[in-house]
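Since the structure comes first, as structure tokens, the remarks are kept for the end.
The values are calculated or read from the model by the stated rules, or taken from the named source; none is laboratory data. Predicted model, so just to flag it, every value in this text is computed and none were measured. Here the Cβ positions follow ideal geometry from the backbone for every residue, glycine too, while neighbour counts run over all protein chains shown.
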Amino acid sequence: MTSRERESTPVLALRDVRAELGGRPVLRGIDLSVRPGEVVALLGANGSGKSTAVRTAIGQVPATSGAVELFGTPLRSFRDWARVGYVPQRTSAAGGVPATVSEIVSSGRLARTRFGLFRKADREAVGRALELVGMADRAKDSVTALSGGQHQRVLIARALVSEPELLIMDEPMAGVDLASQEVLAATLREQVGAGATVLLVLHELGPLEPLIDRAVVLRDGCVLHDGPPPKAVGQHALPGHDHVHPHEGAEPIRTGLLS
Ligand SMILES: Nc1ncnc2c1ncn2[C@@H]1O[C@H](COP(=O)(O)OP(=O)(O)OP(=O)(O)O)[C@@H](O)[C@H]1O
């Protein structure tokens with residue numbers, strides 16, 4: 001691939017993708033493309049298929065039809081997972097696994113190591129990722145001792161430690177305390193400034209709004225909007241606003257700032 005082709009090839013592309021969960025259609029033919037350096041927000045009401053779309057993009061949910069490509073390579077032959085950082089939707093404050101903060105973050109580095117052997121550069125990367133999210137002083141602590149927001153920071157450090165070019169985060173702000181939200185927004189700004197491509201599943205744009213280049217809004221497993229972030233969000237994303245706003249006849253999307 002020439003460098004020009006690399007620049008124009010989407011980092012992530014879903015074309016007419018369908019997916020089912022429990023025998024029920026959840027994605028009903030969606031197109032979603034993220035170009036190099038773009039920051040795209042995936043919005044939509046609860047149950048519209050946002051999480052399923054990103055999980056299909058990384059192969060956690062199989063597409064029943066359509067095409068998924070990462071860095072121009074069909075998903076089935078894509079192996080370069082160190083180029084992708086994924087922060088899943090947080091299901092509980094801390095999982096039942098009694099691992100330390102450092103161990104969890106190190107697990108995100110495995111794709112960059114040779115045969116799983118940790119070298120100095122890998123240990124330094126773990127230190128840097130923890131530093132970025134303000135958790136360096138907790139490296140030896142068990143993750144079970146962390147708050148929800150701190151746990152989220154650890155998951156973000158785990159996604160960043162492989163120095164990915166594409167960062168996919170599923171509702172990174174959900175249930176996160178204000179201090180952690182600020183750390184998270186600063187970390188994202190830093191990544192975007194360094195040229196990372198980002199796909200964010202969000203319930204509301206909130207404090208991340210200034211970073212967003214484009215929004216894709218899903219409704220009932222279909223793309224309702226693909227373009228500038230919805231206007232209502234821009235107009236009302238002022239401090240103090242936190243209300244429900246109807247969007248093009250869709251179910252209301254909460255548009256308030258979190259801070
Ligand atoms: N394992 C599953 N089996 C069957 N249906 C599922 C499963 N997981 C999710 N669903 C359904 O698929 C639909 C889409 O879910 P998905 O989590 O992708 O939506 P979402 O837009 O991310 O919503 P939320 O904002 O609530 O996370 C929902 O109706 C959900 O109930």
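Structure notes:
- Odd one out for residue 139, checked against (1) at pLDDT 90 or above; (2) under 26 Å from residue 35 (Cβ atoms): (2)
- Unique match (being over 16 Å from residue 90 (Cβ atoms) and either surrounded by 19 or more Cβ atoms within 10 Å (Cβ to Cβ) or free of Cβ contacts under 8 Å to residues at least 60 places away in the same chain (or both)) among 163, 131: 131
- Counting residues in region 1-24 that are at pLDDT 90 or above, closer than 24 Å to residue 212 by Cα and within 13 Å of the ligand (Cβ to nearest atom) gives one or more.
Let's see how each residue does on (1) part of a strand (DSSP E or B); (2) more than 26 Å from residue 193 (Cβ to Cβ); (3) modelled with pLDDT under 95:
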residue	(1), (2), (3)
27	yes, yes, no
56	no, yes, no
82	no, no, yes
89	no, no, yes
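- Scanning region 107-118 finds one or more residues that are in a helix (DSSP H, G or I), small (Gly, Ala, Ser), over 21 Å from residue 178 (Cβ atoms) and touching an Asp or Glu at 6+ places or on another chain (Cβ under 9 Å).
- When the test is whether a residue is within 16 Å of the ligand (Cβ to nearest atom) and outside any strand (DSSP E or B), residue 62 passes it.
- Residue tally, condition surrounded by fewer than 20 Cβ atoms within 10 Å (Cβ to Cβ) and out of contact with any helix residue (DSSP H, G or I) (no Cβ under 9 Å at 6 or more places or on another chain), over region 35-50: 4
- Residue in region 95-114 that is within 16 Å of the ligand (Cβ to nearest atom) and either within 24 Å of residue 203 (Cα to Cα) or over 17 Å from the mean Cα position of the chain (by Cα) (or both) present: no
- Region 153-183 - residue that is part of a helix (DSSP H, G or I) and within 12 Å of the chain's Cα centre (by Cα) and, of those, farthest from the ligand (Cβ to nearest atom): 160
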